[in-house]
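Novice: Please read through the structure below; I'll follow up with questions.
Every read-out reported here was derived from the displayed coordinates using simple, explicitly stated rules and does not represent laboratory data. Predicted, not measured: the structure shown is a model, and the values here were computed from it. As a convention, Cβ positions derive from the backbone with ideal geometry for all residues, glycine included, and neighbour counts pool all protein chains shown.
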Amino acid sequence: MNSVLQSLFMAKDFRRRVLSMNLKGCDSLMKKLQRLFKILAYSQREAYSPLKFFNASRPPWFSSFSQEDSSEYLRFLLNSLHEEERLKLLSSETTADALPTKVPPKEASQSTSWGKDKTTVIQDMFEGKLKTKIFCQTCKIISQKTEAFTDLSLEFPTSSSETGNKEHQEKLSVNDMFSYFLAPEILDGDNCYQCGKCASLQKAEKTVQITEEPEYLILNLLRFSYDPERHVKRKILNPVSIPPVLKLPVERSTSLDTDISGAGENKGIERTSVAIDDRRCTQRRVPYVLNSVVVHSGATSESGHYYCYARDISLWSVKPVKSSSVSRSESSCNPKEWLCLNDTSVTVTSQRYVLNTSLRSPEDSAYILIYKK
């Protein structure tokens with residue numbers, strides 16, 4: 001949990017949004033997170049224990065004094081914060097809709113529309129959109145749906161995840177795993193597609209596309225898998241190289257007569273286009289900079305320890321933090337410098353050291369990556 005809170009605190013834009021929220025008179029989970037962030041940012045304490053926040057944010061299925069999955073905690077925390085604020089927005093909207101008739105029409109119109117176009121802090125900071133298409137190879141019908149995501153889970157290619165000999169483990173990069181995530185998947189055999197038009201199981205092709213990019217991109221490297229032969233959960237120790245800059249492919253559809261050159265805006269974003277019927281599919285490659293890395297240290301999924309590397313991508317000096325007791329330092333943090341945040345221990349390290357974490361020690365495995373657009 002500490003490593004997750006440290007990573008979120010070091011996400012500058014998210015931290016600022018949380019600290020700027022007006023939460024007087026409530027005791028919500030967001031208020032508790034704001035209080036924690038204020039202590040880390042402004043107090044003179046050397047360390048702070050986030051036990052109260054953990055008790056308020058702990059997933060109900062987590063057990064005490066056992067190894068739990070940090071990615072599960074992060075997903076549960078973000079979803080809880082989002083749902084809490086969403087219900088508050090809906091409540092405000094319902095109250096506005098019930099205004100008395102004496103309210104002037106203009107004011108009533110402004111009040112009733114207050115919540116309809118609002119988004120939560122979690123949506124603004126972490127939400128993207130993912131489109132899934134399934135092409136039935138019998139009736140040739142394409143079914144598709146678009147879903148929101150706050151993180152993407154990247155699987156290891158099958159040949160790599162099954163490698164047991166450490167000396168022959170395939171060296172991968174995050175880009176390799178992302179390509180595997182976006183590669184078309186054939187649904188066949190026991191995994192056939194239930195086609196609505198054919199009303200039966202059919203062979204199909206499944207593809208996924210990112211259609212909206214988030215401000216912060218969270219990637220989970222799925223290192224914990226089930227071993228069907230031994231009937232145990234195991235950890236995939238394959239080394240993974242981490243790119244300091246990741247270019248996220250984002251698909252957009254525009255009319256053919258729309259100017260997609262992007263001149264004068266979105267500098268650094270590459271675009272490619274292909275014509276599809278009366279619309280044009282535009283792929284932008286949106287650059288992201290690595291902000292933090294949560295590392296799982298341990299040989300198995302049942303034991304170990306989490307710590308993180310993080311930096312504050314900012315033009316201003318900030319006071320680095322550490323948690324667990326969550327602790328802080330009086331020194332300034334250069335935006336190009338990285339911090340190793342290991343509970344109450346904070347040390348300065350280099351970007352090269354961070355990027356080679358998994359290559360240097362298989363048991364110290366990059367598990368969660370947070371990139372900033």
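Novice: Provide the packing ranking of 134-147, 6-19, i.e. peptides ordered by the mean count of other C-beta atoms within 10 Å per residue, highest first.
Specialist: Working: 134-147: 13.4, 6-19: 21.1.
Ranked from most to least packed, the peptides come out as 6-19, 134-147.
Novice: Given a cut-off of 27 Å, name the pairs among K235/K373; K129/K171; K133/K197; K24/K131; K32/K233; K32/K235 whose C-alpha atoms lie farther apart than that in the structure shown.
Specialist: Correct reply: K235/K373; K129/K171; K24/K131; K32/K233; K32/K235.
Novice: Per 0.36 nm of contour for each residue apart, how much would the distance between Q351 and E185 grow if the chain were fully extended, relative to their Cα-Cα spacing? Kindly include the intermediate steps, with their values, before the conclusion.
Specialist: Details: separation 166, 0.36 × 166 = 59.76 nm, distance 3.51 nm.
Length difference between fully extended and current span is 56.3 nm.
Novice: Given R₀ = 51 Å, what would the calculated FRET efficiency be for S200 paired with S43, taking r from the Cβ atoms and rounding to 0.05?
Specialist: Working from the Cβ atoms, E equals 0.20.
Novice: Here's a follow-up. Note down the nm distance, to one decimal, between modelled labels 7 Å out along Cα→Cβ at T300 and at R35.
Specialist: If labels sit at T300 and R35, their model points lie 3.8 nm apart.
Novice: Need one number: nm distance between label points at Q137 and N79, each 7 Å from Cα along Cα→Cβ, rounded to one decimal.
Specialist: 3.3
Novice: Hey, for a label at K88 modelled as a point 7 Å past Cα toward Cβ, could you say which residues of the range 124-150 have their backbone N under 19 Å away?
Specialist: 124-127
Novice: With a Förster radius of 22 Å, plug the Cβ-Cβ distance of T211 and S173 into 1/(1 + (r/R0)^6) and report the FRET value to the nearest 0.05.
Specialist: The pair T211/S173 has a calculated efficiency of 0.35.
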